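The values are calculated or read from the model by the stated rules, or taken from the named source; none is laboratory data. No experiment lies behind these values; they were computed from the predicted model shown. Here the Cβ positions follow ideal geometry from the backbone for every residue, glycine too, while neighbour counts run over all protein chains shown.
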Amino acid sequence: MIDQPLSKESADLERLYRLTDVVWGRDEPMPDELFAQAKDDAFAIVTGRWRHGSVHEMPNLRAILEVGGRHPSPQVLDYQSCFARNIRVLSCAPAFGPMVAEMALGMALAASREIVDGHNAFATGEERWLHAGNVGTFTIYNQPVGLIGFGGLARALKPLLAPFQCKLQVYDPWLPATYLASQGMTPVELKPLLETCKVIFVLAIPSIANKALLDYEHLALIQPGAVFVLISRSHLVDFAALTELVSAGRFKAAIDVFPEEPLPKDHPIRHAPGVILSAHRAGSVPRDLRHIGRMVVNDLEAMLAGLPPLEMQTAQPELVYRLE
């Protein structure tokens, strides 16, 4: 059962229709009455967000495949029943890693080298040439770089940073320090990371524990002229404090996610100096989004053959109850 359209790639769609009976797959939500008719026989549900109530009413359900980028919140999905019945809850988050990582690196480079400001000055005839145009800029080669969170986004970003030979520090309370060290990272606490890193990437997923984790006190630790890249979720940041600090020129920022989207036209962050803003575009590249459909069909094919899924991210009982 599919309540959201998949990839338009004909080969993947053809394979999907050969594998199973597709009840729905259109650009509008699945009607409640049609869902009620199909739920008794449903093997899998592909959805952008969970809106189908209790899994107890779906006796043959074996998989929930989420295509929005994160596992459903435990507030809306009964994970205990899913785990007890071996219903796989899968997220397409791995498909977003490369897209978001590339955007994160691009925004960091644009901010550190003031590429956008330089272009805007040139467009108005106010450009500064050579050395005068580089006051306050820096390269990221051999710089201390901090990653807040070492999940899928950070793991996709790590190889992109490798050519710059950055000294990578990681704060992730969900991972053992020995594991982070084995990945070539330096595990650190949050405050030292903020104090010492020249570029800071916010890459963690939202959880109950990290709501507004980066409050005014923490953000004020960032060194002058450093670059703060907010690329995963604004959930982790006190956005009012971030706006105040960057508006005062304390540090630079590159921001792709906001607490309210679309962002109000009169929001002061729009006019803050040294800020690069993007309208939540990091993970919405048309060609790469097709990979989500391919992942869905690949994992469905495996599960229909009695095999485990291999490509999508499987919800883990130790972690899902921490999600926001």
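General remarks:
- Among the criteria (1) surrounded by fewer than 15 Cβ atoms within 10 Å (Cβ to Cβ); (2) without any contact (Cβ under 8 Å) to a residue 12 or more places away in the chain, the one ILE115 does not fulfil is (1).
- Subset of the stretch 135-174 [buried (at least 18 other Cβ atoms within 10 Å of the Cβ), out of contact with any helix residue (DSSP H, G or I) (no Cβ under 6 Å at 6 or more places or on another chain) and either at positive phi or part of a loop (DSSP other than H, G, I, E, B) (or both)]: GLN143, GLY149, PHE150, GLY151, CYS166, ASP172
- Of the residues screened, LEU193 is not one that is surrounded by 14 or more Cβ atoms within 10 Å (Cβ to Cβ) and touching a helix residue (DSSP H, G or I) at 6+ places or on another chain (Cβ under 6 Å).
- Any hit, the stretch 94-101, residues being under 14 Å from SER232 (Cβ atoms), small (Gly, Ala, Ser) and touching a residue at least 40 places away in the same chain (Cβ under 8 Å): yes
- Taken together, the residues in the stretch 12-71 that are within 30 Å of ALA282 (Cβ to Cβ), assigned to a loop (DSSP other than H, G, I, E, B) and of a type in the set (Ser, Thr, Tyr) amount to 0.
- Of all the residues in the stretch 124-134, those that are farther than 16 Å from PRO273 by Cβ and assigned to a loop (DSSP other than H, G, I, E, B) number 3.
- Per this entry, THR314 is counted among residues that are polar (S, T, N, Q) and either in the same structural domain as PRO72 (by TED's automatic domain parsing) or in contact with a Lys or Arg (Cβ under 8 Å, 6 or more places away or on another chain) (or both).
- Residue check, ILE276 aliphatic (A, V, I, L, M), surrounded by 12 or more Cβ atoms within 10 Å (Cβ to Cβ), touching a helix residue (DSSP H, G or I) at 6+ places or on another chain (Cβ under 7 Å) and assigned to a helix (DSSP H, G or I): no
- Residue count for the stretch 64-92 satisfying the condition of being in contact with a Gly (Cβ under 6 Å, 6 or more places away or on another chain) and farther than 12 Å from GLY293 by Cα: 0.
- Any hit, the stretch 217-228, residues being out of contact with any Gly (no Cβ under 8 Å at 6 or more places or on another chain), surrounded by fewer than 16 Cβ atoms within 10 Å (Cβ to Cβ) and closer than 30 Å to ARG18 by Cα: no
- Filtering the stretch 203-225 to residues that are in a loop (DSSP other than H, G, I, E, B), aliphatic (A, V, I, L, M) and in contact with a helix residue (DSSP H, G or I) (Cβ under 9 Å, 6 or more places away or on another chain) leaves LEU203, ALA204, ILE205, ALA212, LEU213, ALA220, LEU221, ILE222.
- Given (1) modelled with pLDDT of 95 or more; (2) surrounded by 12 or more Cβ atoms within 10 Å (Cβ to Cβ); (3) not in a helix (DSSP H, G or I), number of the condition LEU300 does not satisfy: (3)
Results for (1) outside the structural domain of MET58 (by TED's automatic domain parsing); (2) on the phi < 0 side of the Ramachandran plot; (3) part of a helix (DSSP H, G or I), shown as yes or no for each residue.
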| position | (1), (2), (3) |
| --- | --- |
| CYS82 | no, yes, yes |
| ASN86 | no, no, no |
| ALA101 | yes, yes, yes |
| LEU105 | yes, yes, yes |
| VAL116 | yes, yes, yes |
| PHE122 | yes, yes, yes |
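- Residue within the stretch 59-72 that is free of Cβ contacts under 8 Å to residues at least 60 places away in the same chain and surrounded by fewer than 16 Cβ atoms within 10 Å (Cβ to Cβ) present: yes
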